[in-house]
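Worksheet for the structure shown next.
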């Protein structure tokens, strides 16, 4: 029999730290078509956009390990997005398709992120700009 810490009643504690602040370094309000083009051009695999409360968006996070200040902020509940591109999209659609240009016919998956607090709060902020 293999003896583990779990078997003898020693458990790891779990601590959840909620991010309380989102810092956006660059934000760009663009058309849905330009948002799709940007997403396709920047994507390494299958392009994906996020949607929350009528706003479609694509963002790039600053990895906490890349910068000591960002890492410290992250550990203290502050997240950094290097840049975010967004557009008013109205109703949620799970897929968008490019209708013109060099990416004609390309399909982009859209993830409904409206249940995730940072994305929901971002959408509220974007609508107020």
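The values are calculated or read from the model by the stated rules, or taken from the named source; none is laboratory data. Keep in mind that what you see is a predicted model, and the values were worked out from it rather than measured. Glycine also receives a Cβ, built like all others from the backbone with ideal geometry; neighbour counts cover every protein chain displayed.
Considered as a group, the residues in the stretch 58-83 that are part of a strand (DSSP E or B) and touching a helix residue (DSSP H, G or I) at 6+ places or on another chain (Cβ under 7 Å) include one that is surrounded by the most Cβ atoms within 10 Å (Cβ to Cβ), and that residue is 58. Here the condition is being more than 19 Å from residue 63 (Cβ to Cβ) and modelled with pLDDT under 85; of 13, 20, 31, it holds for 13 alone.
Among the residues of the stretch 90-129, those identified as assigned to a loop (DSSP other than H, G, I, E, B), more than 22 Å from residue 61 (Cα to Cα) and either touching a helix residue (DSSP H, G or I) at 6+ places or on another chain (Cβ under 9 Å) or modelled with pLDDT of 95 or more (or both) are 91, 92, 93, 94, 98, 99, 100, 101, 102, 103, 106. Being without any contact (Cβ under 8 Å) to a residue 24 or more places away in the chain, in contact with a strand residue (DSSP E or B) (Cβ under 8 Å, 6 or more places away or on another chain) and at negative phi is true for just one of 129, 42, 109, 104. Which residue is that? Only one candidate passes the filter, namely 42.
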